[in-house]
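The values are calculated or read from the model by the stated rules, or taken from the named source; none is laboratory data. From a predicted model like this one, the values you see are computed outputs, not experimental measurements. With ideal geometry, Cβ positions are generated from the backbone for all residues, glycine too; neighbour counts draw on all protein chains shown. Just so you know, the surface numbers come from the protein's heavy atoms only, side chains and all, with ligands and any DNA or RNA stripped out. Shrake-Rupley method; radii C 1.70, N 1.55, O 1.52, S 1.80 Å.
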Amino acid sequence: DGKLLLYCHAGCSFNDIIEKLDLLPDRSNATPIIPVITNTYDYTDDKGNLLYQVVRYHPKNFKQRRPDGAGGWVWDLKGITPTLYHLPEILHAIKESELIWVVEGEKDADNLRKVGQVATTINGGAASKWPPELVPQFLNAIVAIIPDSDEPGRKYAHYVGNLLYGWCSSLKILTLPLKDVTDYLDSGKTIDNLLNICHNTGEYVPSGVITRDEFNSWRGVNQYLWQLLLQRKSFNGKRYTHYKI
């Protein structure tokens, strides 16, 4: 319709890109667009206590905020260690040996949840980095990672796969024909279709690891080093006492 549309997977803004291309429009008579909050996503501790929120806006944008203790918000995550979305459900699913989907964003996780699945992510999408203390929580977990179908998404999936490999009892990375799992489900595919893809996907093995047996031969040492790291960073030891390392 005569409009210029673009999307940058690296996160550059629309204005920055068209400014570099010298395509800035005449906005002298334009009505300013006021961002509107469309969704908030709660990140809690293992007891369900709110730690922080990811706030989604229209036009599409994301911000993070944390409670200020007086009924308001502080619009940053200073002093906050990122955690897993729907953490209590994830810990329960690991205990019950249920399948856990790891996706890039809260919207995808919630859409899987609507069809009866357990799904998680951390804030930041494909650019996010997992804190070390998240990894031991996946000991003996059954995990399937669904990346977005782009290069950042694929890199992120392998990044998470390399972190979780050796901790999970089953670990897979799925390839979907559409952009993400939300598009996949919106296209008319059912959760049974998705589970069938998962069933027919082989176990993930990182590049550079010769065999799973060779990796598992020093898996316990790997976990021991993680535990030392957690202790040195003064994490709450009680949280990890149920992990047998």
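Can you confirm whether residue 143 is of a type in the set (Val, Ile, Thr), more than 9 Å from the chain's Cα centre (by Cα) and part of a helix (DSSP H, G or I)? No.
Quick check: anything in region 92-103 surrounded by 15 or more Cβ atoms within 10 Å (Cβ to Cβ), of a type outside the set (Phe, Trp, Tyr) and touching a Lys or Arg at 6+ places or on another chain (Cβ under 9 Å)? Within region 92-103, none of the residues are surrounded by 15 or more Cβ atoms within 10 Å (Cβ to Cβ), of a type outside the set (Phe, Trp, Tyr) and touching a Lys or Arg at 6+ places or on another chain (Cβ under 9 Å). Select, from 184, 159, the only residue that is assigned to a helix (DSSP H, G or I), among the aromatic types (Phe, Trp, Tyr) and open to solvent by 20 Å² or more (accessible area, probe 1.4 Å). Testing whether each residue is assigned to a helix (DSSP H, G or I), among the aromatic types (Phe, Trp, Tyr) and open to solvent by 20 Å² or more (accessible area, probe 1.4 Å) leaves just 159. Among the residues of region 77-89, is there at least one that is in a strand (DSSP E or B), at pLDDT 90 or above and either surrounded by 15 or more Cβ atoms within 10 Å (Cβ to Cβ) or not small (Gly, Ala, Ser) (or both)? No, because not a single residue in region 77-89 is in a strand (DSSP E or B), at pLDDT 90 or above and either surrounded by 15 or more Cβ atoms within 10 Å (Cβ to Cβ) or not small (Gly, Ala, Ser) (or both).
Here residue 216 passes the criteria (1) loosely packed, with under 14 Cβ neighbours inside 10 Å; (2) at pLDDT 90 or above except the one numbered (2). Quick check on residue 110: is it open to solvent by 20 Å² or more (accessible area, probe 1.4 Å), at pLDDT 95 or above and under 30 Å from residue 6 (Cα atoms)? Here the answer is yes, as residue 110 does meet what is asked. When you check residue 3 against the structure, is it part of a loop (DSSP other than H, G, I, E, B), within 29 Å of residue 82 (Cα to Cα) and basic (Lys, Arg), yes or no? So residue 3 fails the test.
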